[in-house]
Each structure stands twice: as structure tokens, then as C-alpha cells.
Protein chains: 2
Amino acid sequence: MGLIVQKYGGTSVGSIERIQAVAQKVKATQEKGHQVVVVVSAMSGETNRLIALAHEIGTSPAPREMDVLLSTGEQVTIALLCMALHKIGASARSYTGSQVQILTDNAHSKARIRGIDGVRVSGDLQAGRIVVIAGFQGVDDQGNITTLGRGGSDTTAVAMAAALKAQECQIFTDVDGVYTTDPRVEPKARKLDRITFEEMLEMASLGSKVLQIRAVEFAGKYNVPLRVLSSFEEGEGTLITFEDEGMEEAKISGIAFNRDEAKLTILGVPDEPGVAYSILGPVSNANIEVDMIIQNIAEDDTTDFTFTVHRNDYPQALEILKETSSILGAREVSGNEYIVKLSLVGVGMRSHSGIASTMFEALAREGINILMISTSEIKISVVIDEKYLELGVRALHDAFNLAGELPV
Amino acid sequence: MGLIVQKYGGTSVGSIERIQAVAQKVKATQEKGHQVVVVVSAMSGETNRLIALAHEIGTSPAPREMDVLLSTGEQVTIALLCMALHKIGASARSYTGSQVQILTDNAHSKARIRGIDGVRVSGDLQAGRIVVIAGFQGVDDQGNITTLGRGGSDTTAVAMAAALKAQECQIFTDVDGVYTTDPRVEPKARKLDRITFEEMLEMASLGSKVLQIRAVEFAGKYNVPLRVLSSFEEGEGTLITFEDEGMEEAKISGIAFNRDEAKLTILGVPDEPGVAYSILGPVSNANIEVDMIIQNIAEDDTTDFTFTVHRNDYPQALEILKETSSILGAREVSGNEYIVKLSLVGVGMRSHSGIASTMFEALAREGINILMISTSEIKISVVIDEKYLELGVRALHDAFNLAGELPV
């Protein structure tokens, strides 16, 4: 019967009808005896409409003014949601990021939250009011409006939950939870009742776009229990929690994948200290993010070096690598922009051996060639040809019996 | 070369193109050596769009939340105008009503300004920046967003001009100044170079909707010189000033009229103390605003009582009056909803006699019957049949030679 923070995204508040449906859900939560804080995004389409207005003027508007513009989107939603709550007899009050004092640094368009003054909100909650807060926005110490970047409403919700020591932070979205893999690729994919923060971080960073990665990090840091639920269907969703004993049983939580990868290889570079920096320095100076990095064992006194980038950055990265190649006197540069990354994620991996071999065997059985391998404590990633994506996901889903209710 | 406050209304900022045109005008003002503060309204249509969203939920939204909703309209404009100023190389910064600390009382949707903290704005001006402020909105001492009611952007501009001791407050609108009467009724109507605050107040309250009456009152109270100009044409507009010697010459500044009037009469009520209250009390309790009130000389021990109301309120006012009539034992109730009010306005009236007789003579010459007369120090109003409106305006315009450049 504690305090619940609920967050509804743009699709969930995309029309007056949907806002009214959200009001019903919020009121029902309060009627169960909870105090409720609601964080909302702009109505879907609104942010894009505002961006289009700005772009009619110019392509690089001042970030300070862009934040003034975009923050109106959530402000419209908080007012409308309060009206809808009043209409059904609930007491509610709205706050902008500035009013509730979501203090951030001054990095416009990607500000980071520094603190929240929960005093005013606490007063409303004690008076029996539902508090409705504009997500995605804050205010710096000079009173300038800031935004947290796209998807920042999740972060607002988690930060509010942390500041108010909420019992749970519920993220309502258009999916009903976190799945073992994308159900569009593997129809047998199963919704998880629970997943750990670490696993969720790996899933999120690998393209399972259920939650913003910053929000998950934030929740982990401040021990805020997070739950992902559907705005449109009933259900318990998926609880993202801290590791507990029962969870050790499940070795693998899910299979994440990322379609938008490309890989580049430079062959026959001198195997000497500093060579990795010589190769990756120019790439990172061009603001290209590098994902996986692999250096093969040296043959003679040269070595081969492979890394992956986002597919959009492939042409530019290839140009840079060719220049580096001629400077270093490398033998050859090659690349492939038709690859994908497949990852097994699970905290259970830590204490169970044989996961990697089961994975490689399952892929081999389907004739899928592995181009790169990279491992972390709770994840094994492989790079394969793009055409094998669906086949690979299904093979691994079967091999680890993820559709079944019982752990392997 | 002092500080100028400029205000641009919804039509003037109704599209990106128009916002860019405003940016050019603002920059040109700065280049003449002025410091410039700009106050803007919501883009035309935006406020109505937001109201429609609220009304999809219910017809009587909470005023606090309505203010949160509506204030986003101006916030969008300030951001876009700053972007347009940056684009043409001007330095500019935007402020919401809350950021600039336009402090108001907490009467949501019709808040009154209590004070303005000009410190931050002064700093920007000294640094050579153009300051762009959201009109129509403020903040109460609890940090709640308030609005000043429709047209409140004029008030914001005047209040900023008063707080910053501006040289002039320029209201840009879709007309190029204040005219002797409505040019659509009398094509010979002439633009006034100057008009006094008192005359402007009478003109504004009588339906010459160039400026909000509260803004004019405010400007008069704080001695802020106001100028009305066109956003779309060049010109000096009309300066609204304090009385000066030269102005005494002109007896009449203009002719205002109001189409939306209706009159009600109660005949044969007892001529005794308290009867006016017995009649008007129930009307005002029904939130109906009464304009002119006339009580005729008593015959025997009864009297007749006539008043005017807005035409929309006529049916309800008539109902109320019939009830009052039976309570008071009056002889009869009658009414006419096809009337208009015509007013001569001019400070010169004070020191010149014969104005009223010239007015009545001009109307009589055209066969126009006068139904009611009411006078104030700088105004004579008559109520006439609706069908004589245009004829009456032209007759008076001629009789007082308002089309000529010379005073009568």
C-alpha cells in the first residue's frame, strides 16, 4: 500500500481517449490504497511536430531554445491528464519539471538529473492528491529549462521513484513485458516475470527497446524496483529486480539481437604497443562509436584487428581505416555491412559452464558461420551473416528451452 | 536610443514565415541603437486548438490546469522567435512568464500582475541580447502557472515596459493604428497620430478592439507611452499619450460603437429607496453585466427604469425582470434586442460646450430616433435602432469633421 510511480509514454497518451483510459488506470491504482505519482511523455506525434516547426527555421537551433520548445509537449499532457482525472472524481495536480524542481546540469537536450526536491509533491500525496509530472524535462541552477533527451521520461519516473523512495516504478508501454526474445522473430518467445537489472541493461543496450538504458542504470543505482507493463492490456508485466536466490536457477534470460551492425577488419598490422590506439583513435575522433573489438593472435610479427560500428557509420569508418592502413603499412582492409549481432544474456552464466559450447553447437547445427565472438560476465555475443538472424534466434531459443516454463 | 518593448499578437506570429518577418523587424529596431524586449502571443489558432483538446475531456476544466495547458502556446512562440533571431545573426534569449518572474495573484485564467523581477532581463539587455518573453502568463507566489486571460499579452508588454522604465511600448497588431471610427463603416475614417489614454479607454471599452482595456489602464497608471502599429505595413501608428496642450484643440477624437447591445425597461415601479437594487440585484446575481442604466423622472409615485445588457444575455435578463416585475407590482416589462450604442469620445468635450447639441442635431437631421442617452466627462453615448448604425456613424463623422486634418 505504498507509493507507486507510474510512467506512460507517448503512445499511451496519444489521444484524448487514451488519456482518459490512463486516468482510469491511475485512479484504480489509488483506489487500491496506493499513493500515486504519474510521469507522462508528450502525446505521440507532438514532439515531431515541434521539431518540424524548428527545422522550418533552421537545421541547428540553439539547444537552449529547443528545450524551451520541446518541453511544451509534456506540459500539454500533464494538464490534460489532470483534467481527465478531475472528470472522474479524482483529486490531481500537475507539475512541470521546473515546478517540481527536477534539477539537472545545463547540458541542453541531454541533461543529467542532479537532484529532485520532493517536498511539494509529498504534501500533495499526503493530502490525497494524485501528482502528475511532466517527464523528459528539468531545470538547471540558473532556471533554464532543460530536457533529458528522447526517452528521458523513463529516467524522470525512476528519479522520482528514487527521490520519494517509492515501492515500485511502473513503466507502461505498448508491450506487456520483457520477452526472452523478439516475438516477431520467434513466435514462441515467452514473457519473463522477472529479470535482473544487469540482464536488462544488456538486453536494452542490444536493441531490445523496451526501456531506456539510462533509466535502467538509474534504477539499479538507487535500488528502485522497476516494472514494465502494457498500457493497453491487463497483466503483471515484467519486474526488473535485484538478484535473488531463485533466479540463479535460470541460466539464460533471453536472446537479444542488433540488426544495424557492420564490421571492419584491418589485416597484417605490426604487432606492437599502441597499434590499437592508432587504429581506433581516428575512428573515435570522427565521433563513430565502436562496439565489439577483437584482436586476433599475432602471426609472425603482424596481427589482424576487427571491430564493429553502426551500419550508418560504415562508409566513413571504412575511409578512415584505409588511411590508417596506408600510414601503418597494413596488408589489407576489408569490411562487411551485412552482419548482425546475436547475444545470449543471463546472470546464471556466471555459475554455469557449457553455455558457450551449447550456443556454438546450436548455430553450427543450422550451418550458421560465426564471424566474431565476444563475451562478458553475463553475455555471449556472436556476429553472423544478416541472412541467418531469424534462424539463429530460433535455434538458440530452442537450444536453451526458453519457451518452456522451466529453466534448463 | 532607449529601451523599447515590442508586442506581437497571434496573427503577427501565425506562421514560421511571419515569425521570421517579426525577427527582421526586431533586429532592425536593435540596429537603430535600441535595447529590445519582445513579448509574443501564441501562434494564431494554437490557443483554440488547446482549448478544443481540453473540451474533449469536459466543459469546465480546472482553471489551474487550463493555465498549465494554455501557457504552452506562448512558450512555443518564444522558442521559435529566438531561433529565427539567431538565424539572422542576432543574439536573443527566451523567458517564460515563470522564468522572468511575472508575479501574479492566484486568480487562474484572469490573474493580475503584482510585480516583475527585471534583474535577469536587464543583464541580458546589457550584454546586447534581445529578450523574448512569453505574453499572457505569469506565476503566483506558490510557483503555480497563471494566465492573464485572453489578450493578456498586451498587459504583459505594458507591465514589462513599466518595470524596465522603457521609452515606449509598441503594440504590433493587424491594424495600422487607432481610427476616428471603424473604416469598414465609414470609409472616410482617419488614422489618429495621437490619442489620450482616457479617450483610448473609452474607445476600447466601447468595442474598438485594438488594445485590451486592462493594458491601456495599466499603461496610464504607470505612465508608459503606448504605440499601436501594424505588423504588416510600415508607418508610425498611433501614439497613446498623456494629455498635452496641443490636444485640447481637438474636441472629438472618434466615434465608437457597440453592436451587441439589448435594452430592457420596467415601467411603473414604486419610486422609493432600494428599488434600483431590487431590479438590478437579481440580474447581477445571474452574472449578467449591465452597461447603461437610466432612471426616468418619477410620475405620480412610480418611475420607469431602463438598462442595457449584452445581446446574448437578453433572454435570461428578460426572464429575471419579469419575475422582479411581479414581485414589485410593476405596470409592464418591455425590451428591445435590436439596438446599438454609439459614442462620441474626446477629452476636448470637457472645455467645449455644444458638443451634445451638435450630436443630437446631426442624428435628428437623418431621422434617427434616440432611445437612450448617457454621458460621462469625455463621452456621450446614445442608444439607437440597430438599422441606423452605419448612417449614424457617418452622420457624426461628418458633423464633427473627423475626416479633415484640422480640428473643428
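Quick look at the values:
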| read-out | value |
| --- | --- |
| Enumeration of residues in segment A:286-318 that are closer than 19 Å to A:Tyr338 by Cβ and either surrounded by fewer than 14 Cβ atoms within 10 Å (Cβ to Cβ) or not assigned by TED's automatic domain parsing to the domain that holds A:Ile373 (or both) | A:Asn312, A:Pro315 |
| Check on A:Val38, part of a strand (DSSP E or B) and either of a type outside the set (Asp, Glu) or at the interface with another protein chain (Cβ under 7 Å from one of its Cβ atoms) (or both) | yes |
| Filtered residues of segment A:22-35 (kept if assigned to a loop (DSSP other than H, G, I, E, B) and of a type outside the set (Gly, Ala, Ser)) | A:Lys32, A:His34 |
| A:Ser353, sole failed condition from (1) without any contact (Cβ under 8 Å) to a residue 24 or more places away in the chain; (2) more than 27 Å from A:Leu192 (Cα to Cα) | (2) |
| Selection within segment A:100-131 - of a type in the set (S, T, N, Q) and either at positive phi or not in a loop (DSSP other than H, G, I, E, B) (or both) | A:Gln101, A:Thr104, A:Ser109, A:Ser122, A:Gln126 |
| Selected residue [in contact with a Ser or Thr (Cβ under 8 Å, 6 or more places away or on another chain) and of a type in the set (Ser, Thr, Tyr)] from A:Ser376, A:Ser325, A:Ser381, A:Ser357 | A:Ser381 |
| Evaluation of B:Val275 against (1) modelled with pLDDT under 85; (2) among the aliphatic types (A, V, I, L, M); (3) outside the structural domain of B:Tyr314 (by TED's automatic domain parsing) (one fails), failing number | (3) |
| Residue ID - surrounded by the most Cβ atoms within 10 Å (Cβ to Cβ), chosen from residues in segment B:131-152 that are among the small types (Gly, Ala, Ser) and either within 13 Å of B:Val68 (Cα to Cα) or in contact with a Lys or Arg (Cβ under 6 Å, 6 or more places away or on another chain) (or both) | B:Gly138 |
| Residue selected from segment B:18-35 under the condition small (Gly, Ala, Ser) and more than 14 Å from chain A (Cβ to nearest Cβ), by the criterion surrounded by the fewest Cβ atoms within 10 Å (Cβ to Cβ) | B:Gly33 |
| Qualifying position, being more than 9 Å from every other protein chain (Cβ to nearest Cβ), over 22 Å from the mean Cα position of the chain (by Cα) and in a helix (DSSP H, G or I), among B:Leu69, B:Leu80, B:Leu85 | B:Leu85 |
| Selected residue (only one of A:Ser60, A:Ser15 is surrounded by fewer than 20 Cβ atoms within 10 Å (Cβ to Cβ), at pLDDT below 95, assigned by TED's automatic domain parsing to the domain that holds A:Val132 and out of contact with any helix residue (DSSP H, G or I) (no Cβ under 6 Å at 6 or more places or on another chain)) | A:Ser60 |
| Segment B:100-131, subset within 23 Å of A:Thr72 (Cβ to Cβ) and over 27 Å from the mean Cα position of the chain (by Cα), residue nearest to the other protein chains (Cβ to nearest Cβ) | B:Arg120 |
| Hits in segment B:50-61 - residues which are outside any loop (DSSP other than H, G, I, E, B) and within 10 Å of chain A (Cβ to nearest Cβ) | B:Leu50, B:Ala52, B:Leu53, B:Ala54, B:His55, B:Glu56, B:Ile57 |
| Subset of segment B:108-143 [closer than 16 Å to B:Ala162 by Cα and basic (Lys, Arg)] | B:Arg112, B:Arg114, B:Arg120 |
| Residues of segment B:1-21 that turn out to be part of a helix (DSSP H, G or I) and either within 23 Å of the chain's Cα centre (by Cα) or among the acidic types (Asp, Glu) (or both), as a count | 1 |
| Residue within segment A:82-89 that is surrounded by 24 or more Cβ atoms within 10 Å (Cβ to Cβ) and in contact with a strand residue (DSSP E or B) (Cβ under 8 Å, 6 or more places away or on another chain) present | yes |
| Of all residues making up segment B:90-99, the number that are free of Cβ contacts under 8 Å to residues at least 40 places away in the same chain and either assigned to a helix (DSSP H, G or I) or more than 7 Å from every other protein chain (Cβ to nearest Cβ) (or both) | 3 |
| Enumeration of residues in segment B:335-379 that are at pLDDT below 90 and hydroxyl-bearing (Ser, Thr, Tyr) | B:Ser351, B:Ser353, B:Ser357, B:Thr358, B:Ser374, B:Thr375, B:Ser376 |
| Any chance A:Ala161 is at pLDDT 90 or above, buried (at least 24 other Cβ atoms within 10 Å of the Cβ) and in contact with a Pro (Cβ under 9 Å, 6 or more places away or on another chain) | yes |
| Among residues of segment B:349-368, those that are surrounded by fewer than 21 Cβ atoms within 10 Å (Cβ to Cβ) and within 26 Å of the chain's Cα centre (by Cα), counted | 3 |
| All positions within segment B:63-78 that are in contact (Cβ under 8 Å) with a residue 12 or more places away in the chain and either in contact with a Lys or Arg (Cβ under 9 Å, 6 or more places away or on another chain) or more than 17 Å from B:Val131 (Cβ to Cβ) (or both) | B:Pro63, B:Arg64, B:Met66, B:Asp67, B:Val68, B:Leu69, B:Leu70, B:Ser71, B:Thr72, B:Gly73, B:Val76 |
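The values are calculated or read from the model by the stated rules, or taken from the named source; none is laboratory data. In this text, all values refer to a predicted model and were calculated from it rather than measured experimentally. Cβ atoms come from the backbone with ideal geometry, glycine included; neighbour counts cover every protein chain shown.
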